[in-house]
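To start, the structure under review is shown below, and the notes come after it.
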Amino acid sequence: MRVLFVNENIGGHRSVHANLRATLGAHPDVHAEFLDVPAPTRLRRVAGASIPGLGRLDADLQPLRAQLALSTWVRKQLRRRMHDVDVVHVYTGNAGLRSVDVLASMPSVVTTDATNVTNAYRLPYREPTRFTPAAVRAAQRFERPVYEAASLVVANTGWVARSLREDYGVPAERLRQFPFGIVAPDLADGPAPGTVHPEGLPQLVFVGHQLERKGALRLHRLHQEHLADECELVIVTSEDVPPGRNVRGVHDVTVGSGRLWEVLRAGAMFVFPSTIDQAPNAVIEGMAAGLPVVGLKVAAMPDTVPESCGVLVDKDDDDALVAALRGLVRDPARRAEMGAAARRRFLSEYDAAISTARLVETLQEACGRAPRPGLRARLRVGRAS
């Protein structure tokens, strides 16, 4: 099976193809070609730039314009290569906005971790306004045909699957649900999580950038006000970390270096109070390292972190967040139990070897599906309107 893997290659999506490359070796019948969208050219940056005044109101359609510019590049590449492969996989649907006819003409799978309906209110670089619903409706007009054109659609979480069904009308018979996993080390190679420095304070670990919008600065404030004498806060980021009592910034983590796993293994719990992330890989990494997770009841977090693996609280409840942290700091036995459950959940659901096998099965299924008569003509009419 010859597969072309297309990745929009922004944010956390960059790791998807890296994990696929690392695990496709177990599938010698798959001949893979990878198409990672490059960094934007000047023309793409201009096409997707915010418009002064309108951007502040979220009324300039900036996200959609950026997606259309990106997907125009994808379309050119797809048309060149479509005859050399048996099936194409597009991640995410936004990369295929301008390739509806191509996706409809061949076996295709579109996978997404978010829709524009779910994503519009969680963009890290702009706040939603009263104009956001109109922007969402405009994006849906381009996005819905992509899901209709695909042979199969994969939702990475139940939360996204609900949006695909309810907001885009994707029928159950073409919808599959499974997460994309990550590659993580074998915990048998070292001490159990949280026991690396048993003589020191328990460590709360946060990993991420955009510290303010992802809740790290809120976490820093609550730690200083309530927990600084009981635990250490470790923030893994490329940004400056505010000083504080028992606060430490880690800035030397690079992709593939293994340094992240050293930090996680020394942690007592993984804390991620972000209101904008939907199904963050960082949380999966914390679970893979055997850490209980403390986070918020937002987006796909309840799908990802069940009660056995951590504690999720209402997004605006500082008291509940402090209570969850303090409870785990003071109860190492409960931390160990939840951390072990988190590791088991990673092994059963989020190991990249498992998710790659599921994806290969889905691609094979797409190759075997009969074409839908009249689909291409119907989609052309929709695009023209």
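The values are calculated or read from the model by the stated rules, or taken from the named source; none is laboratory data. Treat the numbers as computed from the prediction; the structure is a model and nothing was measured. Note: ideal-geometry Cβ built from the backbone for every residue, glycine included; neighbour counts use all protein chains shown. Please note that ligands, DNA and RNA were not included when accessible areas were found on the heavy atoms of the full protein model with its side chains. Shrake-Rupley method; radii C 1.70, N 1.55, O 1.52, S 1.80 Å.
Among residues of the stretch 233-257 that are on the phi > 0 side of the Ramachandran plot, those with a Cβ under 6 angstrom from a residue that is part of a loop (DSSP other than H, G, I, E, B), sequence gap 6+ or separate chain, pair up as Asn246/Ala228. When each of Thr129, Thr115 is tested for being over 30 Å from Gln364 (Cβ atoms) and in contact (Cβ under 8 Å) with a residue 12 or more places away in the chain, the lone residue that passes is Thr129. Those helices (runs of 4 or more DSSP H) of the stretch 7-125 in which 2 or more residues are of a type in the set (D, E, K, R) and under 19 Å from the mean Cα position of the chain (by Cα) occupy 14-23. Looking across the stretch 281-313, just one residue is of a type in the set (S, T, N, Q) and either more than 17 Å from Ser355 (Cβ to Cβ) or not in a helix (DSSP H, G or I) (or both), and that is Ser308. Within the span defined as the stretch 350-371, every residue fails to be of a type in the set (D, E, K, R), open to solvent by 60 Å² or more (accessible area, probe 1.4 Å) and farther than 26 Å from Leu152 by Cα.
Yes/no matrix, rows are residues, columns are (1) open to solvent by less than 60 Å² (accessible area, probe 1.4 Å); (2) over 16 Å from Pro202 (Cα atoms):
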| residue | (1), (2) |
| --- | --- |
| Ser238 | no, yes |
| Val241 | yes, yes |
| Val247 | yes, no |
| Val255 | no, yes |
| Val263 | yes, no |
| Arg335 | yes, no |
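Residue-by-condition table, conditions (1) under 23 Å from Val183 (Cα atoms); (2) part of a loop (DSSP other than H, G, I, E, B):
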| residue | (1), (2) |
| --- | --- |
| Lys315 | no, yes |
| Asp319 | no, no |
| Ala324 | no, no |
| Gly327 | no, no |
| Met338 | yes, no |
| Ala341 | yes, no |
| Phe346 | yes, no |
| Ser355 | yes, no |
| Leu359 | yes, no |
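Only residues that are under 23 Å from Val247 (Cβ atoms), of a type in the set (Asp, Glu) and surrounded by fewer than 24 Cβ atoms within 10 Å (Cβ to Cβ) were counted across the stretch 265-310, and they come to 1.
Within the stretch 104-136, the set of residues being in contact with a Ser or Thr (Cβ under 8 Å, 6 or more places away or on another chain) and crowded, with 19+ Cβ neighbours inside 10 Å comprises Pro107, Ser108, Val109, Val110, Thr111, Thr112, Asp113, Ala114, Thr115, Val117, Thr118, Ala120.
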